[in-house]
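Colleague: The structure's right below; bear with me while I get my questions together.
Since every read-out is calculated from the coordinates, none of them should be taken as a lab result. Given the structure is predicted, the values throughout are model-derived calculations rather than measurements. Don't worry about glycine lacking a Cβ; one is built from the backbone with ideal geometry, like all the others, and counts go over all protein chains shown.
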Amino acid sequence: MLYTDTAIVAVGSDKAAPRYSLREARSVTQVEWDRWVEGSPGGGHILQSYEWGEFKRTQGWKPVRLVLERDGEIAGIGQFLVYDTAPIPGKLMYCTKGPWLPWEDREAVQTFFGGVRTVAEREGAHTVKIEPEVLETQADVRNHLAGMGFRKARVDLQFKTTLLVDLSPPEDELLRRMKEKTRYNIRLAGRKGVVVREDNSPEAREAMYHLLRITAERDGFELRPCEYYRSAWQAMYDNDRARLFFAEHGGERLAGILIYTFGKRYWYMHGASSNEKRNLMPTYLLQWEVMRWAKSQGITCYDMVAVLNPGELREDHPKYGLYRFKIGFGGEVNEFLGCLDLHVRSARAAAWHRLEPLYYRIYRKLHGGNYFY
């Protein structure tokens, strides 16, 4: 069943007393939602947090928070963001880096997405997009989702493959797991007088954006307008989710990293570096010192967010250098299913599927960056 504040809607269980039910958490508090996300199977994701949903509300998205329960206990979670896709009539319903479910339980998954379809129809959505952190190797889950109508999306909105670093071992063991060159560069930066400092002041955030601009121009990646970053970072700082660290030499900021934290994990959200003194290897020491800081806070997993998909691994790929940098820190590559689409209203969903790439290009030209992040 799907429980809302005003109605109970059946979602297709044939059992008199189904084990699972789904409800929309319309009046949930931030503390409650984040606790549920953190306690969900797998521990959730920062982009499923209440804070992120409320920030995206300021950008034209409506968060819809769904809770799967079994016998009154939280069994799964999913925060969907609803967006008007004009000129295509209707809306997109997008679950950023989620949902988080007991994927091995077919009844739980079936109940959850039966309710999602009901909500999508109520919201006037033609397409539901999900990005579950389900591994490509989990063929049974992939096949189950396909049986419910999910198909691979044209575009992966978030990165499909990430690198996870287990921070639970002692520091000497973490160093042993790294590539020899990575360890050497960490020590080199320290010997040359590079230091790492945390600075979360508004002035430091402006300095970080300046470094991002330098990096974007040098490495050819997309950068959103400064005001977007100001708003996003402020929202996360206000909720104690963001931290900003710099590698400095002689008082000069050479590199910066902005991380988001949630539960026992932290994410490498933005990294940037100056064109000056690159021979001092400041980015290596910066990563290591932030890892050490995270361990001191009881964080046990570092999500480096984005690496090349296994099928893209070649030295002439423009992002191979970033892959080589990240893999040097000894993490484990995780390739997920990526973005999957469920067509709820066939004609409109088909029209959106055809025009989606053009929509992205127009949005980038008018607003800068991707509308979905």
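Colleague: Somewhere in the stretch 150-171, is a residue assigned to a helix (DSSP H, G or I) and over 14 Å from residue 78 (Cβ atoms)?
Modeller: Step one: of the stretch 150-171, the residues assigned to a helix (DSSP H, G or I) are 171.
Imposing the further condition that a residue be over 14 Å from residue 78 (Cβ atoms) reduces the set to 171.
Looking for residues that are assigned to a helix (DSSP H, G or I) and over 14 Å from residue 78 (Cβ atoms), one finds at least one in the stretch 150-171, hence yes.
Colleague: Let me ask another. For the stretch 258-274, which residues satisfy the criterion of being in a strand (DSSP E or B) and among the hydroxyl-bearing types (Ser, Thr, Tyr)?
Modeller: Result: 260, 261, 266, 268, 273.
Colleague: Mind checking which residues of the stretch 185-194 are without any contact (Cβ under 8 Å) to a residue 60 or more places away in the chain and surrounded by 14 or more Cβ atoms within 10 Å (Cβ to Cβ)?
Modeller: Residue satisfying the conditions is 187 alone.
Colleague: Something else: Could you please find all residues in the stretch 81-98 being more than 13 Å from the chain's Cα centre (by Cα) and touching a residue at least 24 places away in the same chain (Cβ under 8 Å)?
Modeller: Here is the first cut: in the stretch 81-98, the ones more than 13 Å from the chain's Cα centre (by Cα) are 81-93.
81, 82, 83, 84, 85, 88, 89, 90, 91, 92, 93 - these are the residues of the stretch 81-98 that are more than 13 Å from the chain's Cα centre (by Cα) and touching a residue at least 24 places away in the same chain (Cβ under 8 Å).
Colleague: Another one. Where in the stretch 289-362 are there strands (runs of 3 or more DSSP E), lying wholly inside it, with at least 2 residues that are under 30 Å from residue 278 (Cα atoms)?
Modeller: On the way: elements: 301-303, 332-335, 340-343.
Where strands (runs of 3 or more DSSP E) fall fully within the stretch 289-362 and carry at least 2 residues being under 30 Å from residue 278 (Cα atoms), they are 301-303, 332-335.
Matching residues to (1) under 22 Å from residue 46 (Cβ atoms); (2) assigned to a loop (DSSP other than H, G, I, E, B); (3) touching a strand residue (DSSP E or B) at 6+ places or on another chain (Cβ under 8 Å):
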| position | (1), (2), (3) |
| --- | --- |
| 233 | yes, no, yes |
| 244 | yes, no, yes |
| 276 | no, yes, yes |
| 279 | no, no, no |
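Colleague: Moving on. Can you find even one residue in the stretch 109-132 that is closer than 24 Å to residue 160 by Cβ, surrounded by fewer than 20 Cβ atoms within 10 Å (Cβ to Cβ) and either touching a Lys or Arg at 6+ places or on another chain (Cβ under 8 Å) or not charged (D, E, K, R) (or both)?
Modeller: From the stretch 109-132, those closer than 24 Å to residue 160 by Cβ are 109, 112-113, 116, 120, 125-132; that's our starting set.
Subsequent filtering for residues that are surrounded by fewer than 20 Cβ atoms within 10 Å (Cβ to Cβ) retains none.
Scanning the stretch 109-132, I find no residue that is closer than 24 Å to residue 160 by Cβ, surrounded by fewer than 20 Cβ atoms within 10 Å (Cβ to Cβ) and either touching a Lys or Arg at 6+ places or on another chain (Cβ under 8 Å) or not charged (D, E, K, R) (or both), so the answer is no.
Colleague: Then there's this: Condition first: closer than 19 Å to residue 177 by Cβ, surrounded by fewer than 20 Cβ atoms within 10 Å (Cβ to Cβ) and not aromatic (Phe, Trp, Tyr). Now tell me which residues in the stretch 316-327 satisfy that.
Modeller: 324, 327
Colleague: Something else now. Mind listing whichever residues of the stretch 52-80 are among the small types (Gly, Ala, Ser) and either more than 19 Å from the chain's Cα centre (by Cα) or in a strand (DSSP E or B) (or both)? Talk me through it step by step, then tell me what you get.
Modeller: At the first step, the residues of the stretch 52-80 found to be among the small types (Gly, Ala, Ser) are 53, 60, 72, 75-76, 78.
Passing the criteria: 72, 75, 76, 78.
Colleague: Which one of 94, 83 is surrounded by fewer than 21 Cβ atoms within 10 Å (Cβ to Cβ), farther than 18 Å from residue 239 by Cα, of a type in the set (Ser, Thr, Tyr) and in contact with a strand residue (DSSP E or B) (Cβ under 6 Å, 6 or more places away or on another chain)?
Modeller: Details: 94 fails: surrounded by fewer than 21 Cβ atoms within 10 Å (Cβ to Cβ).
Selected residue: 83, the only one of 94, 83 that is surrounded by fewer than 21 Cβ atoms within 10 Å (Cβ to Cβ), farther than 18 Å from residue 239 by Cα, of a type in the set (Ser, Thr, Tyr) and in contact with a strand residue (DSSP E or B) (Cβ under 6 Å, 6 or more places away or on another chain).
Colleague: So residue 313 ticks every box in (1) buried (at least 19 other Cβ atoms within 10 Å of the Cβ); (2) out of contact with any strand residue (DSSP E or B) (no Cβ under 8 Å at 6 or more places or on another chain) but one. Which box is left unticked?
Modeller: Failed condition: (1).
Colleague: Could you run through the stretch 99-138 and say how many residues are in a helix (DSSP H, G or I), out of contact with any His (no Cβ under 7 Å at 6 or more places or on another chain) and of a type outside the set (A, V, I, L, M, F, W, C)?
Modeller: We begin by selecting, within the stretch 99-138, every residue in a helix (DSSP H, G or I); these are 106-123.
Now restrict to residues that are out of contact with any His (no Cβ under 7 Å at 6 or more places or on another chain): 107-108, 110-123.
From what is left, the residues that are of a type outside the set (A, V, I, L, M, F, W, C) are 107, 110-111, 114-115, 117-118, 121-123.
The number of residues fulfilling the criteria is 10.
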